[in-house]
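Asks: My questions all concern the structure below.
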């Protein structure tokens, strides 16, 4: 496998410019360790973890690494609460943010990722004082400024093609705009220009090459790794992703009150196409459709499992091991530019 070196890979101390998206309930210790062992950066999805669960998960990752010094990260959802924030925003840490950060610092992870919001400045300062790099997810160039002014070392710009929480701006438009914004800021921890990591619809070497050619230093990949055997996604969910077509996803806010791209089941389509007025009414009251439906089903004694799957791509034909996926992302003929040079060589 040909190694691709960029300023981002050097700062993260990884061999390949591939980051596993920190997907809640999916990016678990097996998958995180597998990606880091293969030269990428595994990111543990910390959504819903108590402090004790997070510590256990981090230690499980460490036990599975081929070398104890291999880097990995942790992803938490930290939305703004109150004020001008969405009424449906909730504290996903259930008041345990400081304890979770304590554990991340004590366990010395390489990277902390904040999604759906910018963490409090005191949290960022504590992480960086401990030598832990901080990256913020964004879906709009304006969010770059907020995160960088708070002290971001990295920005992960995720285009609308992505699964999970995402905005409307296409990856090909978002990445260059966010790179331009990043160039206005320096990382407090490294003293270098804030680095940009690209996300959204990237699933093979061509996508990696395109991202690097636009100036990204690495890519953030979620859905492609959801299908890995080491992923904690259900077999039903993996098969649904593998068998989905190009028009089988849509963005919906029924789960968390903010847009999330998922497989478009008849249930989701019905809400989004025929019941938007009800969605908006519920969200105006601080309720999500999911909350509303769970309450209704509980009252009726009909609670069922809802399968929430992230966006997909048609070009997946079997459930592979993680290393097959990483090799696909790094195929030499996929990451070479037309002049024969590796795309990573243009990054600065």
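Asks: Against the definition (out of contact with any helix residue (DSSP H, G or I) (no Cβ under 8 Å at 6 or more places or on another chain) and under 22 Å from residue 163 (Cα atoms)), how does residue 48 come out, yes or no?
Replies: So residue 48 passes the test.
Asks: Do we have residue 116 as surrounded by fewer than 22 Cβ atoms within 10 Å (Cβ to Cβ) and in contact (Cβ under 8 Å) with a residue 40 or more places away in the chain here?
Replies: In short, yes.
Asks: Next question, about the same structure. Report whether or not residue 142 is surrounded by fewer than 22 Cβ atoms within 10 Å (Cβ to Cβ), touching a residue at least 24 places away in the same chain (Cβ under 8 Å) and part of a helix (DSSP H, G or I).
Replies: So residue 142 does not fit the description; no.
Asks: Now, a different point. For residue 5, indicate whether it is in contact with a helix residue (DSSP H, G or I) (Cβ under 9 Å, 6 or more places away or on another chain) and either farther than 30 Å from residue 209 by Cα or part of a helix (DSSP H, G or I) (or both).
Replies: Spelling it out, it is not the case that residue 5 is in contact with a helix residue (DSSP H, G or I) (Cβ under 9 Å, 6 or more places away or on another chain) and either farther than 30 Å from residue 209 by Cα or part of a helix (DSSP H, G or I) (or both).
Asks: Scan (1) modelled with pLDDT of 95 or more; (2) farther than 19 Å from residue 132 by Cα for the single condition residue 79 breaks and write down its number.
Replies: All conditions are met except number (1).
Residues are listed down the side, and each one gets a yes or a no for (1) touching a strand residue (DSSP E or B) at 6+ places or on another chain (Cβ under 9 Å); (2) under 30 Å from residue 34 (Cβ atoms); (3) modelled with pLDDT of 90 or more:
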| position | (1), (2), (3) |
| --- | --- |
| 260 | yes, yes, no |
| 272 | yes, no, yes |
| 276 | no, no, yes |
| 280 | no, no, yes |
| 286 | no, no, yes |
| 312 | yes, yes, no |
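Asks: If you check 100, 111, which single one turns out to be within 30 Å of residue 254 (Cβ to Cβ) and not assigned by TED's automatic domain parsing to the domain that holds residue 258?
Replies: 100 is the lone residue from the list that is within 30 Å of residue 254 (Cβ to Cβ) and not assigned by TED's automatic domain parsing to the domain that holds residue 258.
Asks: Please list, ordered by residue number, the helices (runs of 4 or more DSSP H) wholly in segment 24-129 having 2 or more residues that are over 18 Å from the mean Cα position of the chain (by Cα).
Replies: Result: 51-64, 97-107, 121-129.
Asks: If you check 175, 179, 241, which single one turns out to be within 21 Å of the chain's Cα centre (by Cα), more than 26 Å from residue 289 (Cα to Cα) and touching a residue at least 40 places away in the same chain (Cβ under 8 Å)?
Replies: 175
Asks: When you look at residue 44, is it buried (at least 24 other Cβ atoms within 10 Å of the Cβ) and closer than 24 Å to residue 121 by Cβ, yes or no?
Replies: So residue 44 fits the description; yes.
Asks: If a residue has to be in contact with a strand residue (DSSP E or B) (Cβ under 8 Å, 6 or more places away or on another chain) and not assigned by TED's automatic domain parsing to the domain that holds residue 139 to count, how many in segment 201-247 make the cut?
Replies: Residues flagged as in contact with a strand residue (DSSP E or B) (Cβ under 8 Å, 6 or more places away or on another chain) and not assigned by TED's automatic domain parsing to the domain that holds residue 139 within segment 201-247 amount to 3.
The values are calculated or read from the model by the stated rules, or taken from the named source; none is laboratory data. As the structure is a computational prediction, the values presented were derived from the model and not from experiment. As a convention, Cβ positions derive from the backbone with ideal geometry for all residues, glycine included, and neighbour counts pool all protein chains shown.
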